[in-house]
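The values are calculated or read from the model by the stated rules, or taken from the named source; none is laboratory data. Everything numeric in this text was worked out from a predicted model, so none of it was measured. Neighbour counts are summed over all protein chains in view; Cβ atoms, including those assigned to glycine, are modelled from backbone coordinates with ideal geometry.
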Amino acid sequence: MLKIYHNNRCRKSREALEVLEKSGQKFEIIKYLEDVPSISELEEIISFLNIEPIALVRKNETIWKENFKGKDLSDNAIVKIMHENPKLIERPIVIKGKKAEIGRPIERIVKLISS
């Protein structure tokens, strides 16, 4: 089953949700700002995305700019920061099995769910 880490206030996240709804496939919606992923869940998502933790951070958020930008942070520290500040997690994220995509651009989601 597919999973989407979703923020309804985000246009791209709503677009990804619409793609999933139209696909006819079963999926689970995880409102990650309310149901914050654990550190181990974030590590798993990062491994499915096949990226470094810093690539999952929304670096234009005020929280990041004021508290973390320019600091030499380990991967573990970055994951902990995202867990403590879920607003910093890039979105939307769709997971299919052991693969995942960030829906920017939305075509990544289309490709993932049709594979």
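Data for the structure
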| quantity | calculated |
| --- | --- |
| Residue within the range 32-55 that is in contact (Cβ under 8 Å) with a residue 40 or more places away in the chain, more than 14 Å from the chain's Cα centre (by Cα) and at negative phi present | no |
| Number of positions in the range 61-103 that are of a type outside the set (Phe, Trp, Tyr) and over 18 Å from TYR32 (Cβ atoms) | 16 |
| Complete set of residues in the range 98-115 that are more than 11 Å from LEU20 (Cα to Cα) and either free of Cβ contacts under 8 Å to residues at least 60 places away in the same chain or aromatic (Phe, Trp, Tyr) (or both) | LYS98, LYS99, ALA100, GLU101, ILE102, PRO105, GLU107, ARG108, LYS111, SER115 |
| ARG58 of a type in the set (Lys, Arg) and either at pLDDT below 95 or more than 16 Å from LYS12 (Cβ to Cβ) (or both) | no |
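Conditions tested, residue by residue: (1) at pLDDT 95 or above; (2) under 13 Å from the mean Cα position of the chain (by Cα).
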site	(1), (2)
ASP72	yes, no
VAL79	yes, yes
MET82	yes, yes
GLU90	yes, yes
ILE93	yes, yes
GLY103	no, yes
LYS111	yes, no
SER114	no, no
